[in-house]
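Enquirer: Take this structure first; my questions come after.
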Amino acid sequence: MKKYYWYKTKNSNGFNFFRENSPERERGFTLIEVLVTVAVTGILTVLASVIFINTVRNSKKAEITAEARQNAALVIDRIQKDARGASSLTTSGGGKILTIENGPDRIDWTCTAPTATANGFISREVNSSGPITVTNKDIVDGVSVSSTCTFSPAGAADLITIEFTMTEGVDVLSGPQEYQVQLPFKTSVSKRGS
């Protein structure tokens, strides 16, 4: 229960009035308390923002890396399957085309270099039926195959070395450097029985 004390006072005009004087008077926050609260809240907001931004960046880079690895694994796996029963493996076009003769089928694997507005990609064509792009060449969500993509003889007959680098799509490439990925891949493929 609050206790109130009243006393009589005189102001400069000589008027009498009563005033409340409570030792338990209610009061608001001081300026210092408000400033400290605002500063602490600001610091916590900045820290939360930095953590959120880093999480988004790491997530995007992991997504690009996973897409690149998945595309590379698909290319390597398909070439190895095509080469298993091949009668011959040859390269042409300065190492940009791998031709696999497999019975009546002729399978051409082609590396296409990236441009400023399009991703580089690897395509597969069976019996001149038209090339089918094997890698995801979407400029935002896809990956780009670098211009260093080559198919080259590996010294032994019917042994081909496949070498390429997967990078992020050209649209991401022009963005922040923390999203940029370069994953080199190199493997050798031979026909079965070689």
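The values are calculated or read from the model by the stated rules, or taken from the named source; none is laboratory data. The structure displayed is predicted, hence computed values, not measured ones. Because the Cβ atoms are built from the backbone with ideal geometry, glycine has one as well, and the counts that use them run over all protein chains shown. Quick note on the areas: whole protein, heavy atoms, side chains included, nothing else; ligands and nucleic acids left out. Shrake-Rupley method; radii C 1.70, N 1.55, O 1.52, S 1.80 Å.
Enquirer: Which numbered condition in (1) open to solvent by less than 40 Å² (accessible area, probe 1.4 Å); (2) modelled with pLDDT under 90; (3) within 20 Å of K81 (Cβ to Cβ) is the only one that G175 fails?
Expert: The failed condition is (3).
Enquirer: Moving to a separate point now. Mind checking which residues of the range 183-194 are modelled with pLDDT under 85 and either surrounded by fewer than 17 Cβ atoms within 10 Å (Cβ to Cβ) or within 18 Å of R57 (Cα to Cα) (or both)?
Expert: Result: R192, G193, S194.
Enquirer: Follow-up. When I139 is evaluated against the numbered criteria (1) touching a residue at least 12 places away in the same chain (Cβ under 8 Å); (2) surrounded by fewer than 16 Cβ atoms within 10 Å (Cβ to Cβ); (3) not basic (K, R), which criterion, by number, is the only one it fails?
Expert: That leaves (2) as the condition not met.
Enquirer: Let me ask you something else. Pull up the range 99-119, narrow it to residues that are among the hydroxyl-bearing types (S, T, Y) and in a strand (DSSP E or B), then point me to the one that is nearest to the chain's Cα centre (by Cα).
Expert: T112
Enquirer: If you take the residues in the range 122-152 that are under 21 Å from D105 (Cβ atoms) and in a strand (DSSP E or B), which one is modelled with the lowest pLDDT?
Expert: Step one: filter the range 122-152 for residues under 21 Å from D105 (Cβ atoms), giving 122-134, 151.
Now narrow it down to the ones that are in a strand (DSSP E or B): 122-126, 132-133, 151.
On the way: I122: 92, S123: 93, R124: 93, E125: 94, V126: 93, I132: 92, T133: 91, F151: 87.
Here the residue is F151.
Enquirer: Being free of Cβ contacts under 8 Å to residues at least 12 places away in the same chain, part of a helix (DSSP H, G or I), more than 17 Å from S190 (Cβ to Cβ) and out of contact with any helix residue (DSSP H, G or I) (no Cβ under 9 Å at 6 or more places or on another chain) is the filter here, so list the residues in the range 53-98 that pass it.
Expert: Of everything in the range 53-98, those that are free of Cβ contacts under 8 Å to residues at least 12 places away in the same chain, part of a helix (DSSP H, G or I), more than 17 Å from S190 (Cβ to Cβ) and out of contact with any helix residue (DSSP H, G or I) (no Cβ under 9 Å at 6 or more places or on another chain) turn out to be I53, N54, T55, V56, S59, A62, E63, A66, Q70, A73.
Enquirer: Would you pick out the residues in the range 32-65 that are surrounded by 11 or more Cβ atoms within 10 Å (Cβ to Cβ) and within 30 Å of V140 (Cα to Cα)?
Expert: Result: N54, R57, N58, K60, K61, A62, E63, I64, T65.
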